[in-house]
Every structure is written in C-alpha cells, then in structure tokens.
Amino acid sequence: MVAQNNLCILILAAGKGTRMKSSLPKPLHSVCGMPILGHILKVSQSLNPAAIGIVVGHESDLVIETVKANLAKWNISAPVVFVKQTDLSGSGSAVKAALPLLQKFETVLVLNGDTPLLLGKTLQDMLHTFTAEKASSLVLGVTVPDPAGYGRILREADGTFQKIVEDADADEDTKKIAEINSGMYIFSSKELQTALTQLTPQGSKNEYYLTDTLSLIKQMNQRVLVFHSADYKQALGVNSKAQLAQAQQIMRSRVAQELMDNGVTLLQPDQTYIDPGVQIGADTVICPGCYILGKTVIGKNCVLEGGVYIKDSTIADNVTLKMGTYVEESTVAENCQLGPYAHLRPKSVLCKGAKVGNFSEIKKAVIGEGSKVNHLSYIGDTQMGAGVNVGAGTITCNYDGKNKHQTIIEDHVFVGSNVNFVAPVTVHEYAKIGAGSTITKEVSAQGLAIARSRQVVLENKGVKKEHD
Ligand code: UD1
Ligand code: CA
C-alpha cells in the first residue's frame, strides 16, 4: 500500500454550497452533532496521512477558525494545511490551488468536502487497489437509485474507465447511467499535476472540472481505474437541506445498528437520536424520542423512557430515567432514579441510589447516596450527604443578586416540605427542618429547626356568608 509518508489527503471545501440556501458554509453544517468537514477529517485521519490539505474559499475565515478550534476534539493529529482558492471556478481549480502542497507527495487522495458518510475502510481498500494495480488514478464509483445531479461514469466496451460526464452536460442516454462519481479519487501526484495544466473550462458555468483530469491521464496512456463499491450510501453528497436530512438519517441508523449489535434495546431505532461515539451498555432499553448526545456514556440495564435528553454525561448501570428527563454535563451513579421530568443541569452528581423526581432541578450539586429530592425542588450549589430526604417544594436560595453561595446538608437530614435554605448555610447530620421554614442560620446535628411564624386564627374574620 501507499506509504503513509507519501500520502496527502486533500479535502475540497471552498465551494459556495448555493443549493443549501444557507448563510452557514456547507462544510460546517452539522450531521449528528458534528460538522460535515469534521466527519471527513476524522475518516482522513484514520488513514494516518503525512498531511491533510483543506481547500477553503467561501467564508474561509469561519471554516478555518472552526476547524482549528476542533482539531483536538476530533483527534486530528496529522498536520492540517489550509489552501485558499481565490476564484471559485470549479473542483479542478480547487485542486490547482493546492499544487504547491501536493507537489511534496507521491500520492494524493482527493475528497469532496460534502460527503460525510464516507468510510475509512473503503478509502483503505481504494489505496490498496491503487498500489496493487499500479494505477495513476482511481475513482470511487457507486450505483445510486437516483443519479440526478451527479457526474456519471462512462465505461469503454471492455468495462474500463472512459470518462466522467457531469449531470448538467449529460444527454438523455448518459442521464440514464446510474453509476456515479462519488467525488473521491486517488492520483499519482505527478500525473495529476500534468493533467491540471491541461484543464479547460467546461459547461455553462465555465468551470474547471477535476473529473476531466481522469480522461486526460488516460490519454497519457496511464492506468485509470474505477473502484466500485456496493455501499452507495457512503458516497451520498450533501447539496441541499433534504440531502442533509437524508445523510443524518443514514448516519443515525448506522449508530443504532452498531448499538443493537452490542446488545442495546432500541424500541424504535428510527425515532431515537444518538450521536456517533456515544457508548451504551447491553440490555439498556431506549424508548422512542430520546436524544443521547455528545460524549455520553450509559451503563448496562438502564431504562430511558420516552423523550429523555442526555448530553455529555455519564450514567452508570441500572439507572431509570423516566419520561422527559433532561441531563446535561452530569454524572449519575448506579441504581439512581430520575423523573418523570427531572432536570440535571451541568456539574450535578448523583451518588448511588439517589432519586430526583418530578419537576426537580439540580445544578452544580452533589446528591448523596440514597438521598431523595422527589418533588418540585430546586437544589443548586449544594453538597448533600447520604440518606437525606428533601420534602416537596424545597428551594436552595443560592443567589443573592451578586454571588452564588453554597448550601451544605449533611447525612440523614430530614427536610420538611416547602423549605427555603438561604445560602450560605449548613445543616448538620440528623437534623430536622420543619415544613415551611426559611433557614438562614446553621442547624446543629440532630437539632430541630422551625423558622416560620406561628399560626394565628382570628374568630369571625373569615369570609362573610351571604345569607347569615
Ligand atoms: C461533484 C463532481 C461530480 C460528482 C459529485 C459527487 C465535479 C466537477 N463534479 O459534483 O462528478 O458526482 O461531486 O458528490 O467535481 N469546490 C471547491 N471549489 C470550487 C467548487 C467546488 O472547493 O470552486 C468543492 C465544493 O466545496 C465541494 C466539492 O468541491 O465540496 C464538489 O463541488 P460541488 O459543487 O458540490 O460538485 P457537484 O456538483 O456535487
Ligand atoms: Ca456536491
């Protein structure tokens, strides 16, 4: 195979993406939580190339800035070089703009910047064939159900490559050809350079087609191969919002398939939104309408009822998340129960067996082992010990208008309903707080704190009866 130190991958991402009808440049549109360009970079990195070039043009500053900001997150360790294409006159001129970079390498793998579904394995196989067959150029061809919009691959009578004809330039017979150019190619750098100098503008838009370099290389009596893959989905290009939705659906179904292969139960895989990279243990059951996003890890034997949203969080084994629960940047230990409609905001930690119930909101707080916040509460900036029972409607008043303050509730405290803790405040272990109390001062261990006005009943001051 091509030695990695001789391989450069070039991603074409300068185009306007006019058909997206969007102010956001096409390579930055998200598919399953990651920009299209991010997916292509990750697959490129899997080949361990000596360099990755990205041709930028339309909204180049934003594209460069976004890529640079995410290189570490996407684990891209190959050197990334940005190449500016000043005249956006087609894929051929995009590659031409990168010539100073490409000259340094023997082999160039060119990828369109709008094919997020491509697979590393296919690119490996393409490189293998390219080397084994001593080719000068190779294009990935697939047969699609609807070839409209794509360049068609024309073959000679003996089945070898003849040329690629763009959809816009195709006659009726050519339009019937279903084998299309995926926009993924391998070139010997030397022949590519020669062919690029011979390109002439084509079509009504006077564009320089990269696809023409293949027939030019063939005319130099060099080998040009079509590498045909049966998995056409990986070649689907994103040119419109409808194709973006389609790519997203295909990627989600790949993720779902892999999870099911690992023993996860998805009740309705096509109605579950799980990002690539999310890890879920065997026998966890996921009901329809769940969103599991970002860097999330979920253990075994959990249940996620409908409409659960989890982002960048860690959930251990045997956790039940009832309907409508929302968890963000938080950690939940085994055997916890959440919801229905519980809300964990960033930096919340639930220790073993804790319960957070209906309409309770937790923020930057530790809920100790076996502690319960079951109904209508807000617990923020709080350190709560084990075995605490928090009554309905309890609120930590953590904000004084300027700063946030801590509430500390030690082990086995019993909090009655409708209590306010005015932070900073500490309640020591085994203390009891009477219902309706507003706690502003420290409560000693095993103490009973009641902080509410006494009830007064004034006779005959109530509602006047009409017919007394
Ligand atoms: C291209 C191919 C077509 C193929 C299809 C596969 C050409 C001439 N045609 O068509 O044969 O079937 O992809 O998806 O290549 N770009 C630049 N600079 C430019 C123009 C485009 O960098 O001046 C980039 C775009 O950002 C995009 C890629 O090149 O990532 C392809 O351009 P696009 O306009 O999407 O080409 P298609 O019409 O889809
Ligand atoms: Ca395209």
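None of the figures in this text is laboratory data; all of them are computed from the coordinates on show. Keep in mind that what you see is a predicted model, and the values were worked out from it rather than measured. All Cβ positions, glycine included, derive from the backbone under ideal geometry; neighbour counts span all protein chains shown.
Give, in nm to one decimal, the length gained when the segment between L448 and A242 is fully stretched (0.36 nm per residue of separation minus the Cα-Cα distance).
Working: separation 206, 0.36 × 206 = 74.16 nm, distance 6.31 nm.
This chain segment gains 67.9 nm when fully extended.
Taking the Cα-to-Cβ direction at D146 and at K121 and moving 7 Å from each Cα, how far apart do the two end points lie in nm?
2.7 nm
Could the peptides 395-405, 300-310 be put in order, highest first, of the mean number of other beta-carbon atoms found within 10 Å of their residues? Each step should come with its number before you reach the end.
Numbers: 395-405: 14.1, 300-310: 20.6.
Output ranking for 395-405, 300-310: 300-310, 395-405.
How much FRET efficiency would the formula 1/(1 + (r/R0)^6) give for N403 and N374, where r is the Cβ-Cβ distance and R0 is 41 Å, rounded to 0.05?
Working: r = 29 Å, r/R0 = 0.71.
Between N403 and N374 the formula returns 0.90.
Would you work out the charge dipole size for the stretch 4-235 about its Cα centre, treating the Cβ of every Lys and Arg as +1 and the Cβ of every Asp and Glu as -1, and quote it to the nearest 20 debye? Walk me through the intermediate numbers first.
Numbers: 22 positive and 22 negative charges, 116 e Å.
Computed charge dipole of the stretch 4-235: roughly 560 debye.
Taking the dipole about the Cα centre of the stretch 361-459, with the C-beta of Lys and Arg at +1 and of Asp and Glu at -1, give me whichever of S453, T382, S371 is farthest to the positive side.
Looking along the dipole axis, the top candidate is S453.
Near K121, which lysines are there with a Cα under 18 Å away, not counting those fewer than 8 places off in the same chain?
Cα-Cα hits under 18 Å: K42, K233.
Collect residues whose amide H, placed 1.01 Å from N in the peptide plane, falls under 5 Å from the amide H of V327; neighbours closer than 5 in sequence don't count.
Y309, I310, K311, L344
Using modelled amide H (1.01 Å from N, peptide plane; none on Pro or chain starts), what sits under 5 Å from the amide H of I280, excluding residues fewer than 5 places away?
Result for I280 returns I298.
Per-residue HN-Hα couplings for the stretch 291-298, Karplus 6.51 cos²θ - 1.76 cosθ + 1.60 at θ = phi - 60°, whole Hz, x for Gly and Pro?
10, 10, 10, x, 8, 10, 10, 10
Taking only complete DSSP H runs, can you tell me which helices of the chain stretch 20 Å or more along their own long axis by Cα positions and average at least 0.0 on the Kyte-Doolittle scale?
Working: long enough: 241-261 (30 Å, -0.52).
Membrane-span-like by this rule: not one helix.
To the nearest 500 deg cm²/dmol, what mean residue ellipticity at 222 nm is calculated for the chain from DSSP H runs of n ≥ 4 alone, each contributing -39,500 (n - 2.57), summed and divided by the residues?
-5500 deg cm²/dmol
For a label point 7 angstrom out from the Cα of T66 toward its Cβ, which stretches of the stretch 231-256 have the backbone nitrogen within less than 20 Å?
236-252
5 Å is the cut-off here: which amide hydrogens, built 1.01 Å from N in the peptide plane, fall below it relative to A51, excluding neighbours closer than 5 in sequence?
Counting only residues 5 or more places away or on other chains, the set is I9.
From Cα pairs below 8 angstrom and at least 6 apart in sequence, can you work out the relative contact order of the chain, rounded to a whole percent? The partial results should precede the final answer.
Details: 1189 pairs, mean separation 37.0, N = 468.
It comes to 8 percent, rounded to a whole number.
Nothing charged except the Cβ atoms of Lys and Arg (+1) and of Asp and Glu (-1): what's the magnitude of the dipole of the stretch 263-449 about its Cα centre? Round to the nearest 20 debye. Numbers along the way, then the final one.
Working: 15 positive and 17 negative charges, 71 e Å.
Charge dipole, the stretch 263-449, about its Cα centre: 340 debye, nearest 20.
Please report the base-10 log of the normalised intensity I(q)/I(0) for the stretch 338-468, using a Debye sum with one equal scatterer per alpha carbon and no solvent, at each q in 0.09, 0.10, 0.11, 0.16 (1/Å).
So the normalised log intensities work out to -0.29, -0.34, -0.40, -0.71.
For the stretch 263-449, state what percent of all Cα-Cα pairs lands in each successive 5 Å bin, counting from 0 Å until the bin that includes the largest distance.
Per 5 Å bin, starting at 0, the Cα pair percentages come out as 2, 9, 17, 22, 16, 12, 9, 6, 4, 2, 0.
Between L88 and H467, what length comes free when the chain is fully extended (0.36 nm per residue of separation minus the Cα-Cα distance, one decimal in nm)? Before the final figure, lay out the partial values.
On the way: separation 379, 0.36 × 379 = 136.44 nm, distance 8.79 nm.
Separation in residues times 0.36 nm, less the Cα-Cα distance, equals 127.7 nm.
Given the chain, what whole percent of its Cα pairs are spread farther than 43 Å? Mind dumping the intermediate values first?
Details: 40394 of 109278 pairs.
Within the chain, distances greater than 43 Å cover 37 percent of Cα pairs.
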